[in-house]
Amino acid sequence: MMSTTDIRTIAIAAVAIGVCALLPLVDQGYWLSIGVSIAMFTVLATSWALFSGPTHYISLATAAFFGIGTYVTGSFYESVSFWLLLPAAAIVGGLLAGIVGLATLRLSGVYFVIFTLGLAELVRQVITWAQNMTGHRGTYVLLDFGSRSVEEVIYWTLLGLAAIVYLAGWLIGRSRLGFALRIIGDDEEVARHSGINTARAKVLLFMVPGAVAAATGAALAPRYVYIEPALAFTPLLSFQVVIMALLGGAGRLWGPLVGVIPFTLLWEVISATFPNQTTLLLGAAFLVIVYVLPRGFVGLLERARARAGGGA
Amino acid sequence: MDILITGLLLGGTYALIAMGLNLQYGIARIMNLANGEILVAGGFAAFWMYTAGQTSPYLTIFVLAPVAFAVNWLIYVVMLRPLVKRAKSRGQLEVDAILSTFGLSFVGVGLMLAAFGGDYFNYSYLATPVTIFGDNFGLNRIASFIAAAILCAALYLWLNRSRAGMSIRAIAVSPESARLVGIDVARLSAFAFALGGAVTAVGGALLSAYLTLDASTGVIFTLKALIIVIMGGVGDVRGTIVAALLLGVIETLVASLIDPGLTLAAAYALFILILLFRPRGLFGRGAA
Amino acid sequence: MSILSLRNVTKRFGGLVAVNDFGFEVEEHMVLGLIGPNGSGKSTTLNLISGALPLTDGQIMLEGRPISGLPPQDIARLGVARTFQLVRLLPSMTVLENVIAGAVFGHRRRWGPEARAKAEAMLDKVGLSGKGGLRVGQLTYIDTKRVELARVLAGDPKVLLLDEWLAGLNPTELQTGIRLIRALRDEGRTIILVEHVMDAIRSLSDRCVVMASGARIAEGTPKEVLEHPDVIRAYLGDDDA
């Protein structure tokens, strides 16, 4: 059953994605690369917020899943089609997220944060070690998409992923699972006593950002040309995703997007002009989120709208 | 034998650092993710005092401790107390504290990068070998271990014997009940947080005598301290010490027998086992 | 056959025995009052039934099937629903959504318009018609209790556990509250009532179990147990002062 508002929302989203898809026809250089960054962070931050928004569990595992995705492409692109590697990476990422979730999501939020914080480093150390044992260091990813540039293809792939994430988020929001997660976020005790298997719901939903981040990593691998563990598993990525999602507002499906666009642009400017100050920027962004914008731009917007509406 | 002793020596300093974090998390209820940056800053201070003034790190700590105490007290009062006040639930405070101390941690790294650059720093102090059971160990490792052990013992005695220590332990068990029996929870929380920061900074100075640090290694130590605290049990001094020594030995074991690049992986493996089988810590009773 | 039975139930917290070799049977359509002085183990017993706490020893059966040892969500699905001593609502949701939560995930599971209709019916039943759109922060105290009751009822539980549901109400609200529970009783629901309000116990319960120091000291009709010398002693103390 779809109401007319639902159909309108879907139509608007489809048109918006269609318009975004035209970017490579306008510019193939700087703006396309910005477009790739924005599309990547939109996919990552939106899928992150699907889980962390309702549950308030802060996951710093994005880099781990992303890195695994790049390695899926890096290891198999010569023998398997690039387009098959994306879903394959998603399955690997989802499964790993399931295992991590089973081990940590039964416990308190702090343990979960700590665990995910070190997960990327853990995987990186293991892969580096395995590479040292077998004697090769990095992996070249040389893909050719014929008449289309690699950047273009990645951009469109990410847009496709974004569409899938939004659709998934919209469907989850209307599903029993999504409703269960909202209840868990409000009061886990009530959720359990209302008959919700809270552990299972959390693990299932945690698999979504895991799968998406791995697919994103797989899609971006050709952009790096040469992948090595330190690049693929950079912990920075996890923090950027958390900041963007929270800056926008993790309580709404479209919230992270509102954070991704300004923060990506700001990041580009800062890292171009003051390359040594990016950590300071990250730190400042966290402090702004906690002390100034606890509910993100979305919260700010909704409060303004409520004031405008309630004043009459 | 060589591995065992090196591991124990390392674990002694880990114990001190983890005690610092345990004071902050167990009593002030702040999961301080900027803990590692405090540690690196302590190491920097020792490095600077040694290279600029030829001052022994074991003397520096006497100046460092009160300074770090004051800085951490300010951090608590200015940044964290407002979060404690506005939090409607334990969970919300947890999330806020995690995010704001992450912020602090990045700002700390950023400032240290700006001040000292991204280079590794180390200095050579008391690097004379000492023979124990036929193997050689740096005197600096041993001196740091002894200093850490003395401090751990002093903290343990203070927590268990003194009136203030008793009050602090009462808060760790139940802040609400502590308030009812007339303990000033807000003041002592700030005190515990500041003390924890001072202990961590001193731990950093002791480590710097024999480990190479750089501005961005803090997070590794935060992780290790967290793993030790969880392994030992939140608020459990005895458990913390045992867990720290265990981690020191296992890390050294993995580093020398398998690969030095896998130390964190080893710490993690231990962490996962604890989470799965003893989620309340080594000496905790029952399941979480 | 009894629908819920507790046999030799024991709960220890470290060295403290909160519930000691305790038990009772609840028949279908019965309202059982569980009373006793503060700290006698009533709430702990309720927590053991609902799965909030694991038992140390003994067995709890629902329709002849053991439920002790199951996690709370499984017990809730099998048909035991509870309210909390301190009301727990879902703060980010509207009143109606709070109740839908019960209809979606309770013993009998519904979804979509069916869950919504059920939730609205339950709001009518507890006297909150038309208040479904409110935020829970806007409610009066008794209304928050009503929302919680509606949420619990929306899952069509077989056994209802009310943990001091009447506590904290003013005299007028208390009368309303008692009427509400009597209406549930008249529908033939099975209810375990943990209460301090003796008037409510007297007028609502079919049977009463009295606890003191974690053990049963009397059982019978409300009139019988309230006149029982052990019960009087437990409430008033040993000395005749």
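Please state the equivalent ellipsoid semi-axes for segment B:2-223: what are the square roots of 5 times the Cα gyration tensor eigenvalues, largest first, in whole Å?
Output for segment B:2-223: semi-axes of 31, 21, 14 Å.
Gap in Å between the Cα centre of segment A:191-246 and the Cα centre of segment B:148-187?
Cα centres, segment B:148-187 to segment A:191-246: 40 Å.
Calculate the translational D of segment A:118-208 in whole µm² s⁻¹ from Stokes-Einstein, where the hydrodynamic radius comes from the Kirkwood formula applied to all Cα pairs, the temperature is 37 °C and the viscosity 0.692 mPa s.
My calculation gives 189 µm²/s for D.
How big is the gap, in Å, between the Cα center of segment B:29-79 and the Cα center of segment C:171-198?
Measuring centre to centre over Cα atoms gives 62 Å.
Just the Cα atoms of segment C:87-156, one point each, no solvent: what log10 I(q)/I(0) does Debye give at q = 0.20 Å⁻¹?
-0.66
Any idea of the total accessible area buried by the B-A contact, 1.4 Å probe, rounded to 100 Å²?
Rounded to the nearest hundred, the buried surface is 3200 Å².
Within segment A:18-59, what residues put their amide N at less than 20 Å from the label point 7 Å along the Cα-to-Cβ vector of A:Leu167?
Of the residues in segment A:18-59, A:18-22, A:39-51 have backbone N under 20 Å from the label point off A:Leu167.
Under 25 °C and 0.890 mPa s, how fast does segment A:1-100 diffuse according to Stokes-Einstein, given a Kirkwood radius computed over C-alpha pairs? Answer in µm²/s, whole number.
Taking Rh from Cα pairs, D becomes 150 µm²/s.
Probe radius 1.4 Å, ligands and nucleic acids ignored: give me the carbon and sulfur share of the accessible area of the protein assembly as shown as a rounded percent.
Roughly 63 percent of what the probe reaches on the protein assembly as shown is carbon or sulfur.
Normalise the Cα radius of gyration of chain C by 2.2 N^0.38 Å (N = residues in it) and let me know the number.
Against the empirical 2.2 N^0.38 Å value, I get 1.01 for chain C.
Summing -39500 (n - 2.57) over the DSSP H runs of n ≥ 4 in the protein assembly as shown and dividing by its residue number, what mean residue ellipticity at 222 nm do you reach, to the nearest 500 deg cm²/dmol?
Calculated from helices alone, the mean residue ellipticity at 222 nm is -21000 deg cm²/dmol.
How many partner chain Cβ atoms sit within 10 Å of a residue's Cβ in peptide B:104-111, on average, as a whole number?
Per residue, the average neighbour count from other chains is 6.
Using label points projected 7 Å from each Cα along Cα→Cβ, tell me how many nm separate B:Leu180 and A:Asp27, to one decimal.
6.4
Using Cα springs under 10 Å in a Gaussian network model of chain B, which residue among B:Val95, B:Val229, B:Val202 shows the largest mean-square fluctuation?
Greatest mean-square fluctuation among the candidates belongs to B:Val95.
What residues have an amide H closer than 5 Å to that of B:Leu213, excluding those fewer than 5 places away on the same chain, when H is modeled at 1.01 Å from N in the peptide plane?
B:Phe121
Loop-only check: which GluC sites (Glu not before Pro) in segment C:1-105 are DSSP coil with at most 14 other Cβ within 10 angstrom?
C:Glu28
What is the packing order of peptides A:112-119, A:297-304, taking the mean over residues of other C-beta atoms within 10 Å and listing the highest first?
The most tightly packed comes first, giving A:112-119, A:297-304.
What Kirkwood radius, in Å to one decimal, follows from the Cα pairs of segment C:26-114?
Answer for segment C:26-114: a Kirkwood hydrodynamic radius of 15.0 Å.
Compute from the Cα atoms of chain A the Rg and the Dmax, the latter being the longest Cα-Cα distance, and quote both in angstrom.
19.6, 72
So how tilted is helix B:185-208 from the main axis of chain B? Cα-based, degrees 0 to 90, rounded to 10.
The angle comes out at about 10 degrees.
For A:Ser79, put the label point 7 Å out on the Cα→Cβ axis and report which residues of segment A:112-135 keep their amide N under 18 Å from it.
Correct set: A:131, A:134-135.
What average count of beta carbons from other chains do you get within 10 Å of the Cβ of residues in B:143-153?
Across B:143-153, the average partner-chain Cβ count within 10 Å equals 0.
Taking a cut-off of 12 Å between Cα atoms, list the aspartates and glutamates near C:Lys125, but don't count ones fewer than 8 places away on the same chain.
Cα-Cα hits under 12 Å: C:Glu187.
Within a 10 angstrom radius of each residue's Cβ in A:273-285, how many Cβ atoms of other chains show up on average? Whole number is fine.
Counting Cβ atoms of other protein chains within 10 Å of each residue's Cβ and averaging gives 5.
Looking at chain B, identify the longest residue range that excludes and avoids all trypsin sites (Lys or Arg not before Pro) in DSSP loops having at most 15 other Cβ atoms within 10 Å.
The longest such stretch corresponds to B:89-284.
Based on the Cβ-Cβ distance from C:Ser129 to B:Trp158, what FRET efficiency comes out when R0 is 45 Å, to the nearest 0.05?
After rounding, the FRET efficiency stands at 0.15.
Expected output is a single nm value to one decimal: the length gained when fully extending between B:Thr212 and B:Ile146, i.e. 0.36 nm times separation in residues minus the C-alpha distance. What is it?
21.8 nm
Among B:32-43, B:63-74, C:171-182, how do they line up by average Cβ neighbours within 10 Å per residue, starting with the highest?
By packing density, highest mean first, the sequence is B:32-43, B:63-74, C:171-182.
If I model segment A:194-266 as equal point scatterers sitting on the Cα atoms and use the Debye formula, what is log10 I(q)/I(0) at q = 0.11, 0.21 Å⁻¹?
Here the Debye-derived log intensity ratios amount to -0.40, -1.10.
Out of the DSSP beta bridges found with both residues in chain C, what percent are antiparallel (nearest 5)?
Restricted to chain C, the bridges split so that about 55 percent are antiparallel.
So for the protein assembly as shown: antiparallel DSSP bridges make up what percent, rounded to the nearest 5?
65
Can you give me the long-range amide H partners of C:Ala218? Hydrogens built in the peptide plane at 1.01 Å from N, cutoff under 5 Å, separation of 5 or more residues or another chain.
C:Val210
List every residue whose amide H lies under 5 Å from the amide H of C:Leu4, counting only residues 5 or more places away in sequence or on a different chain, with H placed 1.01 Å from N in the peptide plane.
The answer is C:Val26, C:Glu63.
Counting only complete DSSP H runs, which helices of chain A cover 30 Å or more along their long axis at the Cα atoms and score a mean Kyte-Doolittle of 0.5 or above?
Length and hydropathy pass: A:30-55, A:82-104, A:109-134, A:150-173, A:198-224.
Let me know the Kirkwood hydrodynamic radius for the protein assembly as shown, please, with Cα pairs as the basis and the value in Å to one decimal.
In the protein assembly as shown this quantity evaluates to 29.8 Å.
May I ask you to evaluate 6.51 cos²θ - 1.76 cosθ + 1.60, the Karplus curve with θ = phi - 60°, for each residue of segment B:66-76 and list the ³J(HN,Hα) values in order in whole Hz, giving x for glycine and proline?
x, 5, 4, 4, 5, 4, 5, 4, 4, 4, 5
Roughly how far apart, in whole Å, are the Cα centres of segment A:127-183 and segment C:82-116?
36
If r is the Cβ-Cβ distance from A:Phe145 to A:Ser3 and R0 is 41 Å, what FRET efficiency results, to the nearest 0.05?
FRET efficiency, A:Phe145 to A:Ser3: 0.55.
What helices does chain C have that are whole DSSP H segments, at least 15 Å long along their own axis by Cα, and with mean Kyte-Doolittle hydropathy of 1.0 or more?
Taking the DSSP H segments of chain C (at least 15 Å long, mean hydropathy at least 1.0), we get C:95-105.
Using only protein heavy atoms and a 1.4 Å probe, report how much of C:Asp186 is accessible, in Å² to the nearest 10.
110
The values are calculated or read from the model by the stated rules, or taken from the named source; none is laboratory data. Predicted model only: the values in this text are computed from it and were never measured. Counting neighbours? That spans all protein chains shown, and the Cβs are built from the backbone with ideal geometry, glycine included. Please note that ligands, DNA and RNA were not included when accessible areas were found on the heavy atoms of the full protein model with its side chains. Shrake-Rupley method; radii C 1.70, N 1.55, O 1.52, S 1.80 Å.
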